[in-house]
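Participant: Could you have a look at this structure, given as structure tokens, before my questions?
The values are calculated or read from the model by the stated rules, or taken from the named source; none is laboratory data. All of these numbers come straight from a predicted model, not from anything done at the bench. Glycine also receives a Cβ, built like all others from the backbone with ideal geometry; neighbour counts cover every protein chain displayed. Keep in mind that these areas ignore ligands, DNA and RNA; they rest on the heavy atoms of the full protein, side chains included. Shrake-Rupley method; radii C 1.70, N 1.55, O 1.52, S 1.80 Å.
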Amino acid sequence: MTLLSPWGESLNRQMPLPEYPRMQLQRGSFTNLNGIWEYQITDGAEPGRNDGWKEILVPFALGSKLSGSADHLLPGQVLWYRKRFRYEAQTGHTILNFEAVDQCCTVWLNGLIAGSHEGGYTPFSFDVTNMIKDENEILVKVRDDSDQGIYAYGKQKLENGGIWYTPMEGIWQTVWLEDLPDHAVQDIKITPDYDHEAVYLRMAGTYSQVVITVFEGKKLVHRGITVDKDYTIPLKDFHPWSTEDPFLYTMYLQTEDETVKSYFGMRKFSSLKDESGHMRFALNDRPLFLSGLLDQGYTIDGLMTYPSDDAMLYELKKFKSMGFNMLRKHIKQECRRWYYLCDLLGILVMQDMPSGGHPYSTMWTSWLPTAGFRTFKDNAYEKSGRVSAESRRAYNLELDQMLDSLYNSPCIFAWVPFNEGWGQFDSRKAIDHIKAYDTTRLVDGASGWHDQGGGDFRSDHCYFHTFHVPKNDGRMVLLSEFGGYTYADMHHSEPKKVYGYKKFLDRAQLNDAVMQCYQKNVLDNVPKGLAGCIYTQTADVQDECNGILTADRRVVKIDERQMRRMNEKCIRGVK
């Protein structure tokens, strides 16, 4: 039997994921190119013109159930995509957008090169004004070396099992077209300044002037005009964004030729000392205990691609209803609509950089840290698979792409450049780079171990013993991974070999153990200075059956009311 999620079962194969992908810069022109494409795999040669092509459902990656393909790409092979479509350009310039293609690609439109892109997790665009016709053929060439190359691969691995998952290749997020007029806003960077009651805009575009209007609900609170690329919106007596009240302002940018819609939230992320001298996370200058889940973002049917908005919304609402106020998006960058839903629901997000580095050293990243040796210097590049200068360049390139593409999301409160030493190198430089780029957020410089003393968190992973709050070093203490308790419901998950840190025979045993785990590791440590915790994990993923939800998202494995009461106790412990 093939297990699918409810949303995978009801998938519209003619137009999957039909929603507008980029909610902070919406314009009227939008043509979704998702649906049936063709693909073939070669050993590097050009694809056959009329033979060798198979159907694939975009935007689901090669090898995923929902893609309809059972093939996988090997290092050195080339994956080709092809789609024919009609298009009638409306005005000005036509832009071809890809939300994500893993790992590197070159795109042709009607036989002409539109452009190339490195990195498998971030959106990119090409101006195809001089190539677009009424009848079109798009051709995409993809290379993906998975964990054998220089680019980020996250949890994907050719030899998968245990904590490593089936690799996916190719297009795995929405492909779409839009038309830009001659005078357009092409990009925007939004920076809320909570302390000075203002919002700073940095815009890119071809406009001569732009009118900016801001609404608080239906109430007009600002209207201004500028010919510059930088603009300040004064916002006295503003309505803050918070986990309890995730209020978003609506903003319109009107040029000579178009009006685009955007939004922002007024919030501030910082740390402060409580009465006992412990460092606490602060949202809008008020202490808040961070109670979250590790979110890998894998689905049983679409691998790293959610079947629909409703699938994402179900998960987020479920976790929110259970009292969690944050998620750690674990070594994966999600589609932009996922962050939009977190903005709407008031869910804080700690965003990991997808990891890379080859070869992976089990000694450096697992065995020695588990034995207690957790503070090796990270400038010995061979330990983390970063001997190649090209690998280090690729990391910095993809880090900047992530920061750029997610900068405007109100929900993101912290960046995580490295996890458990996976591909970690020169982390103090990475922290300084992130802090220089983004002054509004916090940084967890080294999640788990190999902490070099930088960043805003002392970030520990604890699976095999009771957690004790370390000595105060002036940073917040975050239990950034713990738990991982396993109960495998074979009717709703499909492991080849069940993996977990502690296994239970039924849901009742699991639930009792999870509550005891929270009592010992979290609740008892909150008064001692623990600022937050992240339980592993949201849902079962392949062999890892340690999720709160089963892999098909049909069963919640723990008592929802008990979990909510536990979260409320933890959050009330910080004042």
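Participant: Sort out which residues of the stretch 512-557 are among the basic types (Lys, Arg) and open to solvent by 10 Å² or more (accessible area, probe 1.4 Å), and write them in order of number.
Facilitator: Hits for the stretch 512-557 are Lys520, Lys528, Arg553, Arg554.
Participant: Taking Arg554, is it closer than 17 Å to Glu315 by Cα and part of a helix (DSSP H, G or I)?
Facilitator: The answer is no for Arg554.
Participant: OK, next. Residue check: is Asp144 under 19 Å from Pro21 (Cβ atoms), buried (at least 16 other Cβ atoms within 10 Å of the Cβ), charged (D, E, K, R) and modelled with pLDDT of 95 or more?
Facilitator: No; evaluated as a whole, the condition is false for this residue.
Yes or no, residue by residue, for (1) surrounded by fewer than 24 Cβ atoms within 10 Å (Cβ to Cβ); (2) farther than 23 Å from Leu248 by Cα; (3) of a type in the set (Val, Ile, Thr):
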| residue | (1), (2), (3) |
| --- | --- |
| Leu313 | yes, no, no |
| Lys318 | yes, no, no |
| Arg328 | no, no, no |
| Arg337 | yes, no, no |
| Met350 | no, no, no |
| Met353 | no, yes, no |
| Gly356 | no, yes, no |
| Ser361 | yes, yes, no |
| Thr365 | no, yes, yes |
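Participant: Would you mention how many residues in the stretch 516-575 are touching a Pro at 6+ places or on another chain (Cβ under 8 Å) and not acidic (Asp, Glu)?
Facilitator: Selection size over the stretch 516-575: 7.
Participant: Okay, next question. May I ask you to verify whether Asp404 is in contact with a helix residue (DSSP H, G or I) (Cβ under 9 Å, 6 or more places away or on another chain), acidic (Asp, Glu) and open to solvent by 60 Å² or more (accessible area, probe 1.4 Å)?
Facilitator: Here the answer is yes, as Asp404 does meet what is asked.
Participant: Out of the residues in the stretch 68-112 meeting the condition of being surrounded by fewer than 13 Cβ atoms within 10 Å (Cβ to Cβ) and either out of contact with any strand residue (DSSP E or B) (no Cβ under 7 Å at 6 or more places or on another chain) or of a type outside the set (D, E, K, R) (or both), tell me which one is nearest to Thr305 (Cα to Cα).
Facilitator: Here the residue is Ala70.
Participant: Could you look through the stretch 251-307, keep only residues that are of a type outside the set (D, E, K, R) and on the phi > 0 side of the Ramachandran plot, and pick out the one that is modelled with the lowest pLDDT?
Facilitator: Here the residue is Gly277.
Participant: For Tyr207, only one of the following conditions fails: (1) buried (at least 18 other Cβ atoms within 10 Å of the Cβ); (2) under 28 Å from the mean Cα position of the chain (by Cα). What is its number?
Facilitator: Of everything listed in (1) buried (at least 18 other Cβ atoms within 10 Å of the Cβ); (2) under 28 Å from the mean Cα position of the chain (by Cα), Tyr207 misses just condition (2).
Participant: If you don't mind, another one. Taking the condition of being open to solvent by 30 Å² or more (accessible area, probe 1.4 Å) and of a type in the set (A, V, I, L, M, F, W, C), how many residues in the stretch 258-279 meet it?
Facilitator: 1
Participant: Ok, one more. Within the stretch 70-88, can you find the residues that are over 15 Å from Lys54 (Cβ atoms), touching a Leu at 6+ places or on another chain (Cβ under 9 Å) and in a loop (DSSP other than H, G, I, E, B)?
Facilitator: Hits for the stretch 70-88 are Leu74, Pro75, Tyr87.
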